[in-house]
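Working notes for the structure below.
Throughout, read-outs are computed from the coordinates displayed, never taken from laboratory work. Worth saying up front: this structure is predicted, and the values here are computed from it rather than measured. Methodologically, a virtual Cβ is constructed for each residue, glycine included, from the backbone with ideal geometry; neighbour enumeration extends over all protein chains shown.
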Amino acid sequence: MDDLFTDAIEKLFAQRSMPQQVRAIEDGGSAQSLWREIQESGFADALVPENQGGAGLALADVFGILLACGSHALPVPLAPTMLARAILVQAGQSVPEGPISIAGAAVESKRGLECPQVAFARVSEWVLVRLGETCTLLAIDDATLTPTEVHGSLVGSLCWTLRPTGTACFASTLDLQAAAACLFAAQLAGAMERVFAMTVDYANERTQFGRPIGKFQAVQQQISVMAEQVFAARMAAQIGCDSGTHAPDPLRAAVAKARTSEAVVPVAAIAHAVHGAIGITEEYDLQLYTRRLYEWRTAFGSESYWNQKIGESLLRDRTETVLPFLRERVSARSDTA
Amino acid sequence: MIGTLSLTAIPAKDEALRAPVRAFLDEAQADVPPEVRIRSWMGFDADFSRALAERSWIGLTLPPEYGGGGRSAFARFVVAEELLAAGAPVSAHWIADRQSGPLIVKYGTDAQKEFYLPRICRAEAFFCIGMSEPNAGSDLASVRTRAVRTATGWLLNGSKLWTTNAHRSHFMIALVRTSGTPDDRHKGLSQVIVDLSLPGVTARPIRDIAGDAHFSEVVFDDVELAEDALIGEEGAGWAQVTAELALERSGPERLYSSMVLLDTWLSFLRSRGEGDSRSTALLGKLVANLSVLRAMSLAVAEQLSRGQSPAVEAALVKDLGTAFEQVLPTAIADALGANPNQAVPDSLLRALAYVTQVAPSFSLRGGTREILRGMIARGLELGR
C-alpha cells in the first residue's frame, strides 16, 4: 500500500516538473494550485484513520512519501500537514483545508505570541503550535509574517499581537518537536538521495584530462564517503519513521534527526566539490536541494541538540551498558520483520 | 547501483538465543577487567571457545549434519554481538566460525566437510587466513607463495605475513599460486588448507604496538601437502577469496571493537553524577551512530540470510563502521582531557590506550579503507 502511495506521488511530482515549480514558488509565486492538487489526491490525509476519511496509514507506511517530499524539494508543507491533520483528528478537532506548518517553539513576549523561524511559513495557512501542556492551531493570516529573506527560503517568523480568538487549545502529550524533527529527517534523507544520484551522474558525464572524472581515484573516494553517509541517513530516517501510529517514538526520532543532520555537511560538501562551479549556479538544480539540506539540518534541532537528548536519555536509563539500551529503545520494532 | 538497505528486525527465534548467551557471559566475564575485555576478538582462550562449543554457539550457520546449528545469519549476529559487547575472548574460534567453516561448506568435498566442520563446531580446529604476503597486501593478486603439483599432492613454498593467530591455529586457508606467474594476476590462484603442524611450516609471532603478539609471519619451506589440501577449484582462488571476504566484512565485529571502552566510559560518566554537556552530547552522538550502523549491519545480515552475497553493501558498512570505531577512542580521550584535573580510573585509561593504539588496524584488516572505497565506487559504476 505504501508503495502505491509513493508511486502515485512520484507520478504527480513528475507531471508537475518540480524544479521549475520550486523556483517559481521560492520567487514568491503562488503555491495554491500545487497544494490543491496534492490535497485533492488525498495525500494530506494519509495518516488520518480510515473511519475519519483518511487512508489510515502509519508513519512507517508513508516513509516513501516523506522521502519524495525531500527528493523533489517540495515547496509546500505536505509532511507537516499530514502529521498535523492526524493529530487534530485524533484530538477531535476540526481540520481546516489548507497547508499547515508546525512550529518548534512558541514564545510569549511583550509583543505577543511569537514563533521564530517556522519552516514553510511563507506557503502555509496554519501553524500547529505547542503551548505548555496543550497544542493549538493558529491562523497565519492573523499573524505578522516576517520572512527571513534568506535567498530562496520559505522560512518566516510569526507574531500574533493579539491571542487569536476562536482557536481551541487541546491537551496533547505528543512530543511535537521530536515528531516534526522526524519528518524533516526523512525529507533530509530524500534530498540527500537526490543529491547523491546527481553527483554520480555528473561524475560519469563530466570529462577532464580525457576521461570522466568518476574514473579518478580522488573523486571515487569522495563519492564513496558520500554513499556511506547517504545510506546511513536513509537508515536513520527509517529508524525514526518505524512507528505503527501517526507519530514517532521520541528517542528514535532523536536518532533519526541527529544522524541525518550529521550527514548533511559531508554530503553537501562532496556534492558541490564534485560538481565544480556549475553546482553553485542558479540554473543548475543542485542548489535547490543543497540549500534545503543546510536549512533542514538545523530545523527542529541540529545534531548537537538531538545528540544531547540521546546522551541524557542513556545517562538516565537503567540499563548498565549501551547495547541493551539501543536494542530495546532504538532498534526495529519486532513486528516489522 | 547499490541496493538500498532496509530496516530489519531480528526474528524472534534468533533473538531467543540472546538471554542464555548473556547469562553465560555475565558469569564468565564477571571479574574480567576492561583492559582485558577490550581485547575481545584478539583475546585467544581455547577453553573459553570450547565452553561456547559445548553450548552449541559455534558453527551456528553450519549444516546440522556436520555438527552445526543450521541457523541463519541472524542467529550468528545475536551471539556475535553479545560476545563482542561483553568483550569475551573469542579469537581462537572466530575466523573458523565466521569464514573458514562457511567457505568449506560452499567449496569443500564431502570428505573435507566431514573432517573439518565437526572439529570447527567442537572448537577443536582453529583457523587462520593466509592472504597477505611481504610484497602482497592490498594488491592481493600478486601473491607469490606457490603450490606445485607432485605425485602425491602439492609442494608448498613461500611466506605469509600479518596472519592473525597463525602461531596458535591448527589450519590455514591460504591463497597461493598454482599456475602462471604474478603477472597473470587473478588467473592461476587457488586456495589450499595447510595443516600448520606439518614439517617445513614455521610461524613467528610479531609483537604489536600494544605489546601483544596476535599476528605472525609464516614461512613454508618445501611443505608437502596431500592431494586433498586443495579447497574448491584449482584456479578459482580469486573468486573464492572474494566471496570469503564478503563474509569477513559483513559481521557485527566491524562495529563493536570499541564497545567495552564505550561502556566503561559510560559508567565513569554516571559515577560522576552531574555530567558536562560536552560529554553528554558526545555520548549521544556515539549512540546515534552506533544505532544506525547496527541497523545497517542487520540489513546486510538479512541479505546474507536470503543467500545473497552483498559484497559492496558489506564494504560500505565496514568502512563506515571502522571509521566509527576509530573516532570513538580519540573523541573519548578529548572529552576526558577537557577536564584535565579530574581523577580517571586507570582501568579506563588502559582500555582507552589499547583501543587508541590498535585502532589503525580497524581500517586495514579485512581490506583497507582505500580498497573498500574503490569497491564502493565500482559498485556505483563510477567512471563506467
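See the values below:
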{"quantity": "Label-point separation, B:ALA19 to B:ALA51 (7 Å along Cα→Cβ), nm", "calculated": "2.2 nm"}
{"quantity": "Relative contact order of chain A, defined on C-alpha pairs under 8 angstrom at six or more residues apart (%)", "calculated": "16 percent"}
{"quantity": "Cα gyration tensor, segment A:169-253 - rounded (a/c under 1.5), prolate or oblate", "calculated": "prolate"}
{"quantity": "Label-point separation in nm, A:VAL150 to A:GLU320, each point 7 Å along Cα→Cβ", "calculated": "4.6 nm"}
{"quantity": "For A:GLN117, residues with placed amide H under 5 Å, excluding near neighbours", "calculated": "A:SER157, A:LEU158"}
{"quantity": "MRE, 222 nm, helices only [DSSP H, n ≥ 4, -39500 (n - 2.57), over the protein assembly as shown, to nearest 500]", "calculated": "-15500 deg cm²/dmol"}
{"quantity": "B:ASP195/B:ALA333 FRET efficiency (R0 41 Å; Cβ-Cβ; nearest 0.05)", "calculated": "0.40"}
{"quantity": "Reciprocal of mean inverse Cα separation for segment B:1-139 (Kirkwood radius, Å)", "calculated": "16.2 Å"}
{"quantity": "From phi via Karplus (6.51, -1.76, 1.60), per-residue ³J(HN,Hα) for segment B:291-307 in Hz, x at Gly/Pro", "calculated": "4, 5, 4, 4, 5, 5, 5, 5, 5, 5, 4, 5, 5, 4, 5, 8, x"}
{"quantity": "Peptide A:312-319 - average C-beta neighbours from other chains (10 Å radius)", "calculated": "4"}
{"quantity": "Mean Cα-pair separation over length for segment A:86-220, i.e. relative contact order, pairs under 8 Å, 6 or more apart, %", "calculated": "19 percent"}
{"quantity": "Average beta carbon contacts from partner chains per residue of B:291-304, 10 Å cutoff", "calculated": "5"}
{"quantity": "Reciprocal of mean inverse Cα separation for the protein assembly as shown (Kirkwood radius, Å)", "calculated": "27.6 Å"}
{"quantity": "Candidate lysines for bridging to A:LYS309, where Cα separation is under 27 Å - those fewer than 8 sequence places away on the same chain excluded", "calculated": "A:LYS257, B:LYS285"}
{"quantity": "B:ASP208 long-range amide H proximity, modeled H, under 5 Å", "calculated": "B:ALA213, B:HIS214"}
{"quantity": "Test item: A:250-256 mean partner chain Cβ contacts at 10 Å", "calculated": "3"}
{"quantity": "Sequence-distant residues sharing a close amide H with B:GLY130 (under 5 Å, placed H)", "calculated": "B:ILE173, B:ALA174, B:LEU175"}
{"quantity": "Cross-link reach list, lysines versus B:LYS187, counting only Cα pairs under 27 Å and skipping chain neighbours closer than eight places", "calculated": "A:LYS215, B:LYS106, B:LYS113, B:LYS160"}
